[in-house]
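Step one of this worksheet: look at the structure below.
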Amino acid sequence: MAVSRHSSLDRSLLLGVAWTAGMKWATQILSWASTLVIARLLVPADYGLFGMAMVYMGFVAPIYDLGLSAAIIQRRDMDHDQIARLGGLSLMYGIAFSLLSMALAEPIALYFREPAVRQIVQLLSVAYLITAPQMLPRALLARDLHWRKLAWIDGVQAIVLTGATLVLALLGYRYWSFVYAEIAAAITTTVLALVWAPHRIRWPVRFRGIAGAATFGSHVALARIGYYVYSNADFAIVGRVLGKSILGAYTFGWTLATIPVDRVSSLVARVIPSILSAVQTDLAALRRYTLALTEGLAFVALPLSAGLALTADQFVRIALGPGWAGAVGPLRLLAFYGGYRSIATIISPLLVATGDARRNFQFTLFAVCILPPLFYLGARWGATGVAAGWIVGFPVAMFPAYRRAFQIMEMRWSDYGAALRPALTATAVMALAVLGVRAANPASLGIGLSFAAEVIVGAAVYMTVVMLRYRDRVQSFLTLVKSLRSRGDDSERSVADAASPRVELASG
């Protein structure tokens with residue numbers, strides 16, 4: 001029975017990634033196309049005003065439920081009454097954050113010296129209040145591994161947001177187009193979530209019965225705050241110490257370095273909390289999923305990051321021109337960091353899924369103490385020095401979290417290294433091939449052809465090494481994909497039953 005359950009979870013993992021990726025890319029294409037049109041209808045000042053408001057609202061968005069959704073996903077033994085009271089508590093949190101945001105709207109507008117920001121923040125606060133009832137149904141859908149419905153909610157949100165912004169911009173609403181579109185998307189997705197995962201809501205009386213879940217959620221929220229602080233500290237320091245011009249080069253380097261691997265790791269990050277919480281007491285299953293996901297992420301992220309680092313100078317000259325030469329140094333280092341960060345994506349969700357949210361917060365606080373001072377120190381050597389702070393500091397900051405995760409799973413470092421070895425080997429061979437092409441390339445050959453040759457040879461060498469040396473790993477993945485196709489819709493239903501707290505399979 002345990003084997004059948006793990007097979008169902010395997011199919012659910014692939015199904016979740018497939019639905020999330022499919023919907024994400026479909027809506028992304030729509031978003032890119034409409035953005036080009038919207039950019040012609042609005043002026044940069046419209047984007048700037050909305051961006052000022054989103055500096056604060058972007059900070060509030062991940063924490064307005066204070067981690068209660070993570071608590072519902074992880075604590076699978078709660079009864080319907082406890083879940084209902086957590087739903088009521090989440091509504092209280094939503095109201096409190098909305099009122100607080102409305103009160104802070106005036107100081108935020110004064111800080112940016114833009115009076116219009118006040119009304120933007122106030123209306124966005126209403127949008128977040130409207131989305132507060134989504135917490136409970138979304139958490140229940142994630143806990144029960146209903147990826148298709150979650151993907152459709154996200155897809156509808158993106159479609160409504162994009163379509164409403166475009167229509168409102170055509171009607172001349174300027175920066176209000178973004179704000180009203182957010183409210184329209186909030187209303188639509190809240191209705192959809194409540195229809196697909198209805199659950200009664202209760203006033204959070206008898207708080208003692210849900211105090212543990214609320215405390216757990218608060219640790220998750222505090223960890224998210226810590227992550228926001230240290231992941232944005234480099235931008236703040238570069239802008240303050242080095243100025244806006246260098247900040248522009250650094251920001252562009254960061255964007256180029258992290259977007260490719262983030263697109264991959266974010267798909268997995270959306271799915272793994274529910275998968276890991278479903279097997280949180282099964283150490284063998286935790287080790288299996290951790291190693292498999294690490295190996296899969298490494299196969300995709302490491303060649304992308306290494307290839308970008310090796311060809312950064314040519315890419316920047318071709319795509320941006322010589323005026324952006326200052327972005328090359330940060331781009332090289334941040335590309336390597338981006339590859340490592342994508343592999344580390346699983347560690348924090350694993351700690352939360354196994355109930356160690358407090359330790360996860362403490363490890364995040366440790367990162368806050370380590371990374372910003374390194375960024376400030378590195379600023380003496382410009383944007384490249386700040387980027388070097390990520391290379392030096394992030395592994396140090398993550399080491400305690402890794403050690404704790406391995407203790408929980410009773411996993412050895414050598415096992416983790418074995419999961420990384422295939423991708424590291426293939427990437428190293430690819431890097432040698434790219435350097436060889438660059439060394440053998442005659443100076444008379446244009447930079448465009450040189451860049452194309454390095455990319456083509458690098459990709460070909462990497463795929464050849466993977467297929468010849470690690471064909472069995474690829475075949476195992478394809479077997480899982482075929483299994484997913486053959487089982488189709490039944491996998492989502494069967495894995496939801498297997499993960500349900502009503503079925504006594506937790507011990508494996």
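Structure values in brief
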quantity	calculated
Residue pairs meeting the criteria (Cβ under 6 Å; at least 6 apart or on separate chains; first without any contact (Cβ under 8 Å) to a residue 12 or more places away in the chain, in the stretch 279-299; second buried (at least 19 other Cβ atoms within 10 Å of the Cβ))	none
Residues (aromatic (Phe, Trp, Tyr) and surrounded by fewer than 17 Cβ atoms within 10 Å (Cβ to Cβ)) located in the stretch 41-55	Tyr47
Members of the stretch 167-177 that are surrounded by fewer than 17 Cβ atoms within 10 Å (Cβ to Cβ) and assigned to a helix (DSSP H, G or I)	Val167, Leu170
Qualifying residue in the stretch 499-508 (condition: modelled with pLDDT under 85, closer than 29 Å to Ile73 by Cα and under 27 Å from the mean Cα position of the chain (by Cα))	yes
Among the candidates Arg380, Arg359, Arg332, residue that is surrounded by fewer than 17 Cβ atoms within 10 Å (Cβ to Cβ), basic (Lys, Arg) and over 20 Å from the mean Cα position of the chain (by Cα)	Arg380
Residues of the stretch 198-251 that turn out to be in contact (Cβ under 8 Å) with a residue 40 or more places away in the chain, more than 20 Å from Gln74 (Cα to Cα), in a helix (DSSP H, G or I) and among the charged types (D, E, K, R), as a count	1
Among residues of the stretch 281-314, those that are under 26 Å from Val429 (Cα atoms) and at pLDDT 85 or above, counted	20
Given (1) buried (at least 18 other Cβ atoms within 10 Å of the Cβ); (2) within 26 Å of Ile63 (Cα to Cα), number of the condition Pro395 does not satisfy	(1)
Yes/no for Val195 being closer than 25 Å to Arg75 by Cα and surrounded by fewer than 19 Cβ atoms within 10 Å (Cβ to Cβ)	yes
Scan of the stretch 143-166 for residues that are part of a helix (DSSP H, G or I) and over 14 Å from Thr188 (Cβ atoms), ordered by number	Arg143, Trp147, Arg148, Lys149, Leu150, Ala151, Leu166
The listed residue being surrounded by fewer than 18 Cβ atoms within 10 Å (Cβ to Cβ) and part of a helix (DSSP H, G or I), out of Ala426, Ala419, Ala439	Ala439
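This table checks each residue for (1) surrounded by fewer than 17 Cβ atoms within 10 Å (Cβ to Cβ); (2) touching a Pro at 6+ places or on another chain (Cβ under 6 Å); (3) free of Cβ contacts under 8 Å to residues at least 60 places away in the same chain; (4) under 30 Å from Arg174 (Cα atoms).
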| site | (1), (2), (3), (4) |
| --- | --- |
| Ala39 | yes, no, yes, yes |
| Met57 | no, no, no, yes |
| Leu68 | no, no, no, no |
| Asp81 | yes, no, no, no |
| Leu91 | no, no, no, no |
| Ala103 | yes, no, yes, yes |
| Leu110 | yes, no, yes, yes |
| Arg113 | yes, no, yes, yes |
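The values are calculated or read from the model by the stated rules, or taken from the named source; none is laboratory data. What you see is a predicted model, and the numbers here were worked out from it, not measured in a lab. Note: ideal-geometry Cβ built from the backbone for every residue, glycine included; neighbour counts use all protein chains shown.
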